[in-house]
Amino acid sequence: MKDLQPLSSLSDIFGPVIVRYSRAEALLEGVLVDAGPLATEAGFQWPVALTRAVWEDCVVWYATDDERQVCQHATGRLWDLLYRAVTAIRSNACGGNQLNFGVYRIPRDGVSTTPDEVTLKLILGPGDQGEPVITILQPGED
């Protein structure tokens, strides 16, 4: 029987890294959007970023949207999202590094005037240097 040797690194299991894409690159390219200082005001202790899909669906609001739908502001929409995320974290008794939460937002469809609830996913994970960071995604995003 062949002796089993201990594995010395993850590359022993998975092989060499094919592509490395850092969080900093994702932020620079706009794949992730930094929630900025508003995240700290809402109660987050670590950097928070939203995927572009979450940003477009739940935060973005233009003056033309005010004219067609109802008057809102992107900063207020971001605040609502961050506040709901912090509230979900504080009320979560299960622990873990992932959490689903709901937020109400008016869809940018040119006609809606009442909010719909959407489910988002919050992940606590390591940043580029191993530091804790938070990413908010749509449930189907990885």
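The values are calculated or read from the model by the stated rules, or taken from the named source; none is laboratory data. Small disclaimer: the values here were computed from a predicted structure and weren't measured. Note: ideal-geometry Cβ built from the backbone for every residue, glycine included; neighbour counts use all protein chains shown. Heavy atoms of the whole protein, side chains included, go into the accessibility calculation; ligands, DNA and RNA do not. Shrake-Rupley method; radii C 1.70, N 1.55, O 1.52, S 1.80 Å.
Dipole size of the chain about its Cα centre, with +1 on Lys/Arg Cβ and -1 on Asp/Glu Cβ: approximately 280 debye, rounded to the nearest 20.
Per residue of the chain, what 222 nm ellipticity follows from adding -39500 (n - 2.57) for every DSSP H run with n ≥ 4, rounded to the nearest 500?
About -8000 deg cm²/dmol.
What is the sum of charges around GLU56, taking Lys and Arg as +1, Asp and Glu as -1, for the other residues whose C-beta is under 13 Å from the C-beta of GLU56?
So the environment of GLU56 carries a net charge of 0.
So how tilted is helix 74-91 from the main axis of the chain? Cα-based, degrees 0 to 90, rounded to 10. Helix 74-91 and the main axis of the chain meet at about 50 degrees.
Taking all protein chains as present, what is the carbon and sulfur share of the accessible area of segment 1-133, in % to the nearest whole number, probe 1.4 Å? Can you show the working numbers first?
Working: 4980 of 8830 Å².
The computed percentage sits at 56.
For segment 52-142, relative contact order (Cα pairs under 8 Å, six or more residues apart, normalised by length) works out to 25 percent.
Take the Cα gyration tensor of segment 5-67, multiply each eigenvalue by 5, square-root it, and list the three semi-axes largest first, rounded to whole angstrom. Kindly include the intermediate steps, with their values, before the conclusion.
Details: eigenvalues 272, 51, 16 Å².
Semi-axis lengths for segment 5-67 are 37, 16, 9 Å.
For the chain, the alpha carbon positions stretch 74, 34, 28 Å along the principal axes, listed from largest to smallest.
What does the net charge come to around ARG108 if you take all other residues with beta carbon closer than 13 Å to its beta carbon, with K and R at +1 and D and E at -1? Within the 13 Å Cβ shell, the charges total -4.
Once backbone amide H atoms are built at 1.01 Å from N, ALA35 has VAL48, ALA49, LEU50 as its partners under 5 Å, excluding neighbours fewer than 5 places away on the same chain.
Ranking GLY36, GLN98, TYR21 by how far each Cα lies toward the positive end of the dipole of the chain (charges on Cβ) leaves GLN98 at the top.
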